[in-house]
Amino acid sequence: MFEKTVLDNGTRILTEQRSGTRAVSLGIWVENGSRHEERPQGGLSHFVEHLLFKGTARRSPQKIAEEMDSVGGVINAFTGRESTCYYAKVVDEHLPLAIDVLRDIFLNSVFDPDEIERERTVILQEIASADENPEDFVHDLFSLDYFGDHPLGRPICGEVENVSGFNRDDLVGFVADRYLPGRIIIAGAGNLSHAELVDAVAGDFGAVPSRPLEAAGPSPEIRRGLHLHPRKLGQVHICLGVPALPYGDRRHYVAHVLNTLLGGGMSSRLFQEIREKRGKAYSVYSFLSPYRDVGYLGVYVGTKAEWTREVIDLAVEEMSKVAAGEVSEDELARARNQLIGNSLLGLESADSWMSHMTRGEMHHGRQVSLDEIVQGVRDVSHDAVTALAREFFLAEAMTATVLGDLDGHSLEGLSLPSP
């Protein structure tokens, strides 16, 4: 059962009480991420996320870890491009401890200068190691190639120059400016009581002064074309993307079905054509990356230098076939059923429900039920998939990022726009 309370200062409290489980997942979310940073601030959201675990007036960093370990709980956080989340998962009887620890780190972190310096070195190592996994790094490069110097294109961890220069005033000031009640969502799912959670957090969180929220920043201008990043690697790593839908677009179920049949699994077109039939890649898949105002559908392939042009052509060819309506009813039904199954299985745990209801609040301003998801997917028609593919899969709209050593193999003549 879903319940929602909004405190006078705008802080939202959401719960989904789930029977048949002893687990509780609790998250404190902030609608703030790397896209909300000016260029000199790049990496502050991520730095703050690290620092909130580094001590409060009541708890040392070691004490925070020991208290959660002592009850077999999990506490962690992550920073995205549009939100940050601090979360804990515990057995229901230990929910009061999870509430107290999360509340303490979120509201009472001290930002000790010594801890800032220690964590700075950790983050600088994280930045230095970011390009050691080229399959991950090519996605960061694609964001830069696609969004350019817009905050959505910059790395979430920030750049060395920025992170090396942040001081305590920068961190504390950023929290004061961005961690405002109107952006905060406290979400709990599992075996818990909504009223008890509200009673536990309303006093401290309700006392945080509210301020008017600044207007959203500008949308990015998309960069097209082919972008080469030469590097001596064993493979060439490719990201190919086209503009897709932002959060909240009424056609998002169609987009998910389209993505599933294109590259969403082992039976998908890209996997079958590029890997199974031709053996030209080990890893190949497609994915959706939606944001508040923009989005893209991407394709990843890792392949040999001599096959780079061929696999790009094959990916574009499969997109063209879908846009031409060359999708059978059996294929469409399989994609719909796969997506429904993935959605239902993906919401089996308390932490997945906690994330699901929070994203519903942030992206749609309401809760999206499982019944609505299932019906929305089932209603996706052949004509709707074809129409959206025709809108997405335009050669002049494509962006390609290629990371690796082409070893003299030319990509001239690809049907991609000039960057």
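The values are calculated or read from the model by the stated rules, or taken from the named source; none is laboratory data. Please read all numbers here as calculations on a predicted model, not as lab measurements. Cβ coordinates were reconstructed from backbone atoms using ideal geometry, including for glycine residues, and neighbour counts include every protein chain displayed. To get the accessible areas, we keep the full protein, side chains included, count just its heavy atoms, and leave off ligands, DNA and RNA. Shrake-Rupley method; radii C 1.70, N 1.55, O 1.52, S 1.80 Å.
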State all residues of region 387-405 that are on the phi < 0 side of the Ramachandran plot and open to solvent by less than 10 Å² (accessible area, probe 1.4 Å); if no residue qualifies, say none.
Leu388, Ala389, Phe392, Met398, Thr399, Ala400, Thr401, Val402, Leu403
Using beta carbons and a limit of 8 Å, which pairs, at least six apart or on different chains, have the first residue in region 181-210 and surrounded by fewer than 21 Cβ atoms within 10 Å (Cβ to Cβ) and the second one among the aromatic types (Phe, Trp, Tyr)?
Pro181/Phe205
Looking only at region 356-375, filter to residues that are within 15 Å of Tyr247 (Cα to Cα) and small (Gly, Ala, Ser); which one of those is surrounded by the fewest Cβ atoms within 10 Å (Cβ to Cβ)?
Gly365
Being within 17 Å of Phe287 (Cα to Cα) and acidic (Asp, Glu) is the filter here; which residues of region 110-144 pass it?
Glu135, Asp136, Asp140
Only one of Asp145, Asp112, Asp149 is open to solvent by less than 40 Å² (accessible area, probe 1.4 Å), in contact with a Lys or Arg (Cβ under 8 Å, 6 or more places away or on another chain), in contact (Cβ under 8 Å) with a residue 12 or more places away in the chain and on the phi < 0 side of the Ramachandran plot, namely Asp145
(1) open to solvent by 10 Å² or more (accessible area, probe 1.4 Å); (2) part of a helix (DSSP H, G or I); (3) more than 30 Å from Leu26 (Cα to Cα): which one isn't true of Thr308, the others all being true?
(1)
Could you list, in sequence order, all residues of region 211-227 that are surrounded by 14 or more Cβ atoms within 10 Å (Cβ to Cβ) and either closer than 30 Å to Thr308 by Cβ or without any contact (Cβ under 8 Å) to a residue 60 or more places away in the chain (or both)?
Pro220, Ile222, Arg223, Arg224, Gly225, Leu226, His227
Note on Gly173: of the conditions (1) open to solvent by less than 50 Å² (accessible area, probe 1.4 Å); (2) part of a loop (DSSP other than H, G, I, E, B); (3) out of contact with any Lys or Arg (no Cβ under 8 Å at 6 or more places or on another chain), unmet is (2)
Reported set for region 115-137 where residues are closer than 25 Å to His36 by Cβ, touching a residue at least 12 places away in the same chain (Cβ under 8 Å) and open to solvent by less than 60 Å² (accessible area, probe 1.4 Å) is Glu115, Ile116, Glu119, Arg120, Ile123, Leu124, Ile127, Ala130, Phe137
Residue among Leu107, Leu152, Leu124, Leu192 that alone is closer than 28 Å to Pro218 by Cβ and not β-branched (Val, Ile, Thr)
Leu152
Criterion violated by Ser289 - all others in (1) part of a loop (DSSP other than H, G, I, E, B); (2) out of contact with any helix residue (DSSP H, G or I) (no Cβ under 8 Å at 6 or more places or on another chain); (3) open to solvent by less than 40 Å² (accessible area, probe 1.4 Å) satisfied
(1)
How many residues are more than 15 Å from the chain's Cα centre (by Cα), in contact (Cβ under 8 Å) with a residue 60 or more places away in the chain and open to solvent by 10 Å² or more (accessible area, probe 1.4 Å) if we restrict to region 11-34?
8
Go through region 35-47 and give me each residue that's open to solvent by less than 40 Å² (accessible area, probe 1.4 Å) and over 14 Å from Ser164 (Cα atoms).
Arg35, Glu37, Ser45
Filter pass, Tyr253 being part of a loop (DSSP other than H, G, I, E, B) and surrounded by 15 or more Cβ atoms within 10 Å (Cβ to Cβ)
no
Scan of region 311-335 for residues that are small (Gly, Ala, Ser) and either part of a loop (DSSP other than H, G, I, E, B) or buried (at least 17 other Cβ atoms within 10 Å of the Cβ) (or both), ordered by number
Ala315, Ala323, Ala324, Gly325, Ser328, Ala335
